[in-house]
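Since the structure comes first, as structure tokens, the remarks are kept for the end.
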Amino acid sequence: MSKVLIVEDEENLAKFVGLELKHEGYEVAGQVSYLDNDDIILTMTVTGTITVPSSRSLEAVKLPVEVTIDERYTYKNEKMSDNGVKLN
């Protein structure tokens, strides 16, 4: 059984999202890494099935999906600007 990590300040919203993902049959696999400079690296893959309308008949068509997410979270804006990322 896959488990889903949901990061959300609102506890009720986090529970709702987790239940909805489970109900819809999505699976999430990945890892979270904490770096020495307090950055957080998130790598995960979400797999499941989406239902979309056919462009010809508008009947429901199920399609498999797999989405890979790679993100880096940093606490301070100075780190971003030091690495050449322009912040407005």
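The values are calculated or read from the model by the stated rules, or taken from the named source; none is laboratory data. It should be emphasised that the depicted structure is a prediction, and the values quoted were computed from it without experimental measurement. Counting neighbours? That spans all protein chains shown, and the Cβs are built from the backbone with ideal geometry, glycine included.
Tabulated data for the structure shown
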{"quantity": "Selection count, the stretch 17-42, where residues are farther than 18 Å from Ile69 by Cα and either of a type outside the set (A, V, I, L, M, F, W, C) or in a strand (DSSP E or B) (or both)", "calculated": "8"}
{"quantity": "Selected residue [modelled with pLDDT of 90 or more and surrounded by 11 or more Cβ atoms within 10 Å (Cβ to Cβ)] from Val4, Val61, Val32, Val17", "calculated": "Val61"}
